[in-house]
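See below for the structure under consideration.
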Amino acid sequence: MFDDPGSYLAAGPRVGLRPFSAADAEEFTARARESRELHHPWLFPPCTPEAYATYAGALAGDPARAGFLVCERAEAGGIAGFVNINNIVRGAFRSGALGYGAFAHAAGRGLLTEALGLVMAHAFGPLELHRLEANIQPRNTASRALVRRAGFRLEGFSPAMLHIDGAWRDHERWAITAA
């Protein structure tokens with residue numbers, strides 16, 4: 001894929017956001033397999049084409065979710081990571097919960113920081129959300145640093161909040177609201 005700024009939902013200097021597509025299965029799953037050590041024990045993105053199809057299909061077919069591939073513009077659109085808004089609630093709450101991950105080849109380079117800013121602008125703009133939340137395991141220092149850089153505030157601690165990697169895990173609750 002070539003870097004065409006018009007093909008992105010939003011673009012910054014180094015990354016662009018676009019929806020998941022079936023054509024991305026091979027690259028996404030290869031990047032997920034390469035990144036297992038980086039992601040464990042925090043998240044488990046799909047590592048097979050079948051799992052990717054289910055995952056991407058669920059994102060596309062659910063109005064309570066929005067999924068974005070983070071594509072590195074300098075690498076001709078190569079996938080650097082992903083940011084999803086899950087559990088979108090409309091009405092008086094207008095909120096969503098973030099899920100995200102950088103792939104190993106892109107980690108630590110600020111690409112997800114830029115992408116999160118683009119997702120926040122999309123969430124608080126066209127999606128008309130008021131609040132975004134990120135639930136993070138306390139030992140996940142990289143994720144905590146990411147949301148802190150983006151302006152999220154720590155709102156609380158929830159013991160045994162989510163079942164991940166075979167156990168109920170504690171999480172810190174971080175959030176940001178539209179200006």
Practice item. Output the qualifying pairs, or none if there are none: Cβ atoms under 6 angstrom, residues six or more apart or on different chains, first residue in region 1-15 and in a loop (DSSP other than H, G, I, E, B), second residue at pLDDT below 95 and surrounded by fewer than 16 Cβ atoms within 10 Å (Cβ to Cβ). Key: F2/A76; D3/A76
Check your understanding: Quick one: what pairs do we get from region 114-133, first residue surrounded by fewer than 20 Cβ atoms within 10 Å (Cβ to Cβ), second of a type in the set (A, V, I, L, M, F, W, C) and in a loop (DSSP other than H, G, I, E, B), C-beta under 7 Å, 6+ apart or different chains?
Key -> G117/A150; H122/L9; F124/A178; H130/A178
Practice item. Consider P159 carefully, then state whether it is in contact with an Asp or Glu (Cβ under 6 Å, 6 or more places away or on another chain), in contact (Cβ under 8 Å) with a residue 12 or more places away in the chain and surrounded by fewer than 16 Cβ atoms within 10 Å (Cβ to Cβ). Key: no
Practice item. Say whether the condition of being touching a Ser or Thr at 6+ places or on another chain (Cβ under 9 Å), under 22 Å from A11 (Cα atoms) and in a helix (DSSP H, G or I) is met by at least one residue in region 130-141. Key: no
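Within region 16-63, track down each residue that is polar (S, T, N, Q), closer than 26 Å to A142 by Cα and either exposed (fewer than 14 other Cβ atoms within 10 Å of the Cβ) or touching a residue at least 60 places away in the same chain (Cβ under 8 Å) (or both).
Initial filter on region 16-63 (polar (S, T, N, Q)): 21, 29, 35, 48, 54.
This time we only want the ones that are closer than 26 Å to A142 by Cα, so: 29, 35, 48.
If the condition is that a residue be polar (S, T, N, Q), closer than 26 Å to A142 by Cα and either exposed (fewer than 14 other Cβ atoms within 10 Å of the Cβ) or touching a residue at least 60 places away in the same chain (Cβ under 8 Å) (or both), then S35, T48 are the ones that fit.
The values are calculated or read from the model by the stated rules, or taken from the named source; none is laboratory data. A quick note: this is a predicted structure, and the numbers were derived from the prediction, not measured. Cβ atoms come from the backbone with ideal geometry, glycine included; neighbour counts cover every protein chain shown.
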